[in-house]
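**Q** Take this structure, written in structure tokens, and hold onto it; I'll ask about it next.
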Amino acid sequence: MNLNIERVNALPVRTWSWLGINDRTIEEDIPEILPFKKNPLITKNINNEKDILFAINNGSGYKIGTGDIVKNAEMDSNANHAEMNSNANCAEMNSNANYAEANSDVNCTEMNSNANHAEMNGNVNHTEMNSNVNYAGKNSSIYYPDMSNNMKNKYLESTIEKVSSIPTGMGENTANYIRNNNNTGIFIRIPSGKKYKEPIFLEYDLDGENKTVVDFNTIYAEENSEVTIVMHYKSKKGIPTFHSGLTYLFAEKNAIINLLQIQLLSEDTLHLNDIGAVIENGVAINLVHTELGGSKAYNGCKVDLKGSNSKINIETIYFGDKNRTIDMNYIMNHHGKNSNSQIHVNGALLDQSSKTFRGTIDFKKGAAGSVGHEEEYNLLFSPKIRNLTAPLILCEEEDVEGKHGANSGKIDENKLFYMMSRGLDELSAKKLMIEAAFRPAMEQIPFADLQDQISEYVKERLNNIESI
Amino acid sequence: MDNLEKNTTSKKTFVDDVDRSIYDVKDKVNASYQSHKGLTPEIVDEISREKNDPEWMREFRQKALKLYNSIQLPKWGPNLDELNMNDIVTYVRPNTAMQAKWEEVPSDIKNTFERLGIPQAERMSLAGVGAQYDSEVVYHNVREEVKNQGVIYTDMESALREHEDLVRSHFMKLVPPSDHKFAALHGAVWSGGSFVYVPPGVSVEIPLQSYFRLNAPGAGQFEHTLIIVDKGANLHFIEGCSAPKYNVANLHAGCVELFVEEGARLRYSTIENWSKNMFNLNTKRAVVEKDGKIEWVSGSFGSHISYLYPMSILKGENSKMEYTGITFAGKGQNLDTGVKVVHRAPNTSSVMNSKSISKDGGASTFRSAVRVAASAAHSKSAVSCESLMLDDKSRSDTIPIMDIRNDEVDIGHEAKIGRISDDTIFYLMSRGISEADARAMIVSGFAEPIAKELPLEYAVEMNNLIRLEMEGTIG
């Protein structure tokens, strides 16, 4: 089927169109989007955390639970759409309620229009609701184990409603597409004060049976909470596959979210990754992006640093070889006083690959004391590459510090000479330099197994290079 | 030479005569063409006739007019809705002198003349009131001196007559009318400007200045500057001055085309201080051949809205470009300036240093483009832009783009934005300097890299201008 999305990764202010950087249009052929039959959740520790609201989206909305209980193989033939599973095995589930329909924010074309609006407004759901509960989420005394599933669903709904208006890096058209066509994803809401140190590992693995992953993820951290989430995207070689993911992040006061999106897709996968985040006072976000694979990789991330003393640190690495294209759009909107954003991008371009990086630091009025730093280092290895960079700083507040630096070029001759004088041949020396460029990001991934996987992936890609 | 004197003398008389009855003339004009609004082919023909254009130029103007009517206004920069093209057309027609009455010149302009110590004689000229002016004499003296070296330094209309082939082979070849709407407008109604040709190997010791020709009719509004620096030659050309230039018509759509031949060097300095009602939509472009070098020095202080991006095409191997610029945006100003460079040959290099200051609600934008083509191996480029915010009412945006298509390159870019540090002010005040003076000193220091590239009298004037602008902030 045809995928056509316009105004992707748009710059917040336009410039001369002959530069070809204002935005992109995606026009590609993708496999038909079918249900993602795997459970993306790898570690099931979260099962034991009753106070964390966790749900897995199997394409027809979020279902509370960790997915063991969701059997995608069984399709209810009464449902108007193959993806609907109204025979979910969860004992607590009200079997009349269909979560897809209860959640009116999932813009699912799969919605059964005969279902639930009647039931939603009907008796059962409402009488169970505790009318003192504030579903906007401010009331942190809600204790999830005490909630009935219907209440949990309402809570989930209201959270998603809140985050769905967050603007994203790739733009409205992409976010809408993913909201309308998602077939997997997770929802997680950490209650206030809970520091969940166990990283949550998710794996989206594409193969012949699962050619499409359109993941719609919501991560909501209440006051003073902490969570670490790792999303690992990979795919089998030789099969055209499609991944597009949308992740909303919302962090209340002093929360910490660590999000690692490890993209090690094959060169047969079209990859889109979109993030929209809002962070309040004192929040710290750490974001790691390894954009190493995909035939074409699009990555957009927009963060509203609404709160004072909020900060975000982004480490991104990319690796372009053959005909790969990588297109990025990071926008940091500083609203809160003393907010801080740091963006570090390191990458290598070989063969005929091309990379576009747009990084915008936007100081809004009132963001006094804010600091925004952006740094980009690009190693270039071939005369046929294309390296497009747009490091923007927009400012309407005087008491700020904004800095960006970008460097592009070949490997330092002196460094190369030194390594060769130590016995390495030129090719090995250059490969080593590429691995070194990825080091800063690797250090932000404190999981030995994952680090190994990334190293293996990079080594394999480098092995296929005959000369650079 | 004699011819020219006769012409200028007769022109002077003409100007004096018209001055008293300017309003009558205008009214007549308005009455006569109420039926056509905007720029029509008839008006363009009239302009061409009045200037005694050769036929090819008349046709050129007409083609440009067609383009002007078909191209849209740019959508990526400051809003141009306030620009009233119909108004401006009235000043483009021949026989309407582009002159104001001294009484109507805004008082802040007159005050600035006073503060900057501009001699009385020059004030009228700068204000577009068109009085007689000494610079005519200076201009002629300079012309004589450089003529001995074989340099041609004349106005565009004369150049069109006396050096037609040279002009024709270069005119709007670097900035074609199809480039954008205001290049097309310029192509249709251009008038006045300077033509300079420096023969091979000649080094022109004194800077040539466009200031000398300020009182020519149509001066400064749609003027076309065409400079050819032949092989191995050397020239410094200065455009503008720090005194504010007032113009009744509020659009400046000039065009500057610079041809730097092999091994030649051209330094093009500009201080623009158009009055605060002006739309400054100027296009400047240079092409540099093998081993050549172009240096841009630019100070933008005036105008209400500016679109100004000097562009350099590094066409020949080893060619170089240097840009040093400052933009100072104050109340009511939206100055969108920057620089563009295209590296098209190996071993080329470009260095760009830009500073911008915003205060009092002004908005300044630095917009740049560095494009390194696949053919430009071993090229280097370094862009550095610094922005200083003087209060929290103003805006400063930096939009630098780099498009690199070769790996054998060394491209670096850095940008910084911030404010005057409280510590620095405190230190200066502890040394007995008032806060206002301290701020002015710091801003002058910030502008120093540009000031030192200018001839002394210009640097002094620029510093005075900065001082004046800063006093406005505190006072």
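The values are calculated or read from the model by the stated rules, or taken from the named source; none is laboratory data. This one's a predicted model, so the numbers in the text were calculated from it and none came from an experiment. We place every Cβ from the backbone using ideal geometry, glycine too, and count neighbours over all the protein chains shown. What goes into the accessible areas is simple: the full protein's heavy atoms, side chains included, and nothing from ligands, DNA or RNA. Shrake-Rupley method; radii C 1.70, N 1.55, O 1.52, S 1.80 Å.
**Q** What ranking, highest mean first, results for peptides A:385-398, A:46-59 when packing means the other Cβ atoms within 10 Å averaged over each residue?
**A** Output ranking for A:385-398, A:46-59: A:385-398, A:46-59.
**Q** If you don't mind, another one. How do the peptides A:366-377, A:413-424, B:335-346 rank, highest first, by the average count of neighbouring beta carbon atoms within 10 Å per residue?
**A** Answer by packing, highest mean first, reads B:335-346, A:366-377, A:413-424.
**Q** Let me ask something additional. What ranking do A:449-461, A:182-194 get when scored by the average of other Cβ atoms within 10 Å per residue, highest first?
**A** So the order, starting with the most tightly packed, is A:182-194, A:449-461.
**Q** Once the piece of chain linking A:Trp18 and A:Ser148 is laid out straight, how much longer is it, given 0.36 nm per residue of separation minus the C-alpha distance between them?
**A** 41.1 nm
**Q** What are the residues whose amide H is under 5 Å from the amide H of A:Gly369, where those residues sit 5 or more places off or on another chain and H is modelled from the backbone?
**A** A:Asn338, A:Asp399, A:Val400
**Q** Okay, moving on. Taking a ≥ b ≥ c as the square roots of the Cα gyration tensor eigenvalues, with a/c under 1.5 meaning rounded and otherwise prolate when a/b beats b/c, else oblate, which class fits segment B:236-333?
**A** Judged from the Cα gyration tensor, segment B:236-333 comes out prolate (a/c at least 1.5, a/b above b/c).
**Q** Another one. For a label point 7 angstrom out from the Cα of A:Asp425 toward its Cβ, which stretches of segment A:449-463 have the backbone nitrogen within less than 17 Å?
**A** A:462-463
**Q** Here's another thing I want to ask about it. Quick one: grab the alpha carbon gyration tensor of segment A:311-435, order the square roots of its eigenvalues as a ≥ b ≥ c, and give me rounded if a/c is under 1.5, else prolate or oblate depending on whether a/b is larger than b/c.
**A** Because a/c hits 1.5 or more and a/b exceeds b/c, segment A:311-435 counts as prolate.
**Q** Another question, then. Can you give the mean number of other chain Cβ atoms that lie within 10 Å of the Cβ atoms in peptide B:359-365?
**A** 1
**Q** Roughly how big is the B-A contact, given as buried accessible area in Å² (both sides, 1.4 Å probe, nearest 100)?
**A** 3400
**Q** How much length, in nm to one decimal, is gained on full extension between B:Glu205 and B:Lys147, taken as 0.36 nm per residue of separation minus their Cα-Cα distance?
**A** Full extension from B:Glu205 to B:Lys147 adds 19.6 nm.
**Q** Let me ask something else. Can you classify segment A:170-232 as rounded, prolate or oblate using the Cα gyration tensor, where a ≥ b ≥ c are the square roots of its eigenvalues, rounded means a/c under 1.5, and otherwise it's prolate if a/b beats b/c and oblate if not?
**A** The shape class here is oblate.
**Q** To continue, here is another question. In nm, to one decimal, how far is the modelled label at B:Asp360 from the one at B:Ser421, with both set 7 Å along Cα→Cβ?
**A** Distance between label points: 2.8 nm.
**Q** Now for a separate question. With contacts defined as alpha carbon pairs under 8 Å and 6 or more residues apart, what's the relative contact order of segment A:318-443 in percent?
**A** 24
**Q** Then there is this: Quick one: ranking B:Ser368, B:Ser430 by accessible area, 1.4 Å probe, largest first, what do you get?
**A** B:Ser430, B:Ser368
**Q** If each of A:Thr43 and B:Ser384 carries a label point 7 Å out from its Cα toward its Cβ, how far apart are those two points in nm?
**A** Label-label distance for A:Thr43 and B:Ser384, simple model: 4.7 nm.
**Q** How much accessible surface area, in Å² rounded to 10, belongs to the heavy atoms of B:Trp296 with a 1.4 Å probe?
**A** 10
**Q** With a 1.4 Å probe and all protein chains left in place, how much of the accessible area of segment B:255-382 comes from carbon and sulfur atoms, in whole percent?
**A** About 46 percent, which is the carbon plus sulfur part of the accessible surface.
**Q** Give the separation of the Cα centroids, segment A:307-353 to segment B:432-473, in Å.
**A** Taking the Cα centre of segment B:432-473 as reference, the centre of segment A:307-353 is 38 Å away.
**Q** Report the gain in length on full extension from A:Tyr377 to A:Lys195: 0.36 nm times residue separation, minus Cα-Cα distance, nm rounded to one decimal.
**A** 62.1 nm
**Q** Taking the Cβ of A:Asp452 as the center, what net charge do the other residues with Cβ under 14 Å away carry, scoring Lys and Arg +1 and Asp and Glu -1?
**A** Around A:Asp452, the surrounding residues sum to -2.
**Q** Give B:Lys75/B:Lys284; A:Lys311/B:Lys393; A:Lys410/B:Lys380; A:Lys296/A:Lys384; A:Lys44/A:Lys311; A:Lys38/A:Lys355 a once-over and call out the pairs whose C-alpha atoms are over 22 Å from each other.
**A** Those over the limit are A:Lys311/B:Lys393; A:Lys44/A:Lys311; A:Lys38/A:Lys355.
**Q** Set the Förster distance to 60 Å, then compute FRET efficiency between B:Asn52 and B:Asp391 from the Cβ-Cβ distance, nearest 0.05.
**A** Efficiency computed from Cβ-Cβ geometry: 0.70.
**Q** How shielded is A:377-386 by partner chains, expressed as the average number of their Cβ atoms within 10 Å of its Cβ atoms?
**A** For peptide A:377-386, the averaged partner shielding equals 4.
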